[in-house]
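Have a look at the structure below, then the notes.
Laboratory data are not the source of any read-out in this text; all were calculated from the coordinates shown. Please read these numbers as outputs of a predicted model, since none were measured by experiment. In this analysis, Cβ positions are derived from the backbone assuming ideal geometry, glycine residues included, and neighbour counts consider all displayed protein chains.
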Amino acid sequence: MEKNPSEIHSCLTDERIDHVGRLIARVRAENLDAIEERDNGWSIGCRAHAWICSEILAEAENLDWLSVVDPTLHFIARIGSVQFSFYKGLADKPKKNIFSRALSHPELRQKSFDFSDLPIPEKLVWTYAVETDFEGITTSIEFLGMSESGEIVASRTVPIFNELPKLVPIKAGESPPVDLPPASPSLPKTTRTKKSKSEKRHE
């Protein structure tokens, strides 16, 4: 049975995972809105990756729990003490470069600190799997903790479609509603104009 990431690392709270995941979904949607006729699949994908990296880098300046370790194309960021990456593809079929990247960057392989009876690999690789449809629209985002052999040990589905609408409070200074009397059923009076001399002759 897969565990929740916070059961393995306390810094991986649902709120933090969802915040980054929704950021990825939002930036990908903005990228699709910017498509023009000169784009192709390669340019759209490269721009989406660059935009996400730039957005996470900017967001890290405002959040003390988010930081960027490697801002290059091998982009690695960190939630709390846990480093992560992201890729576009199926959650149950992670790309091989995720594991080759972990070999190149040993810091991606985080030691697990869970002390339950369930066997957990000593080191896990953490990543966001971004699934899309044929048109490139984001359909699902999963945050995964995987063993180096590719076994998914922990996961969380980022809720990108069921965000509650923001409630707008009514200001105390606003006037209360007023009951108005019903409108009169009579027709409005028209203004009569003076008749000219020629009109009077023909009466």
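Once the chain from Ala50 to Glu148 is taken as fully extended at 0.36 nm per residue, the excess over their C-alpha distance is 32.7 nm. Shown is the FRET efficiency for Ile137 and Glu61, computed with R0 = 35 Å from the Cβ-Cβ distance and rounded to the nearest 0.05: 0.75. Fewest neighbouring Cβ atoms within 10 Å first, the residues Lys3, Lys123 line up as Lys123, Lys3. Quote the FRET efficiency, to the nearest 0.05, computed for Ser10 versus Leu73 with a Förster distance R0 of 30 Å and r equal to the Cβ-Cβ distance. Rounded to the nearest 0.05, the efficiency is 0.45.
Taking label positions 7 Å along the Cα-Cβ direction at both Glu36 and Asp92, the computed distance is 4.1 nm, reported to one decimal.
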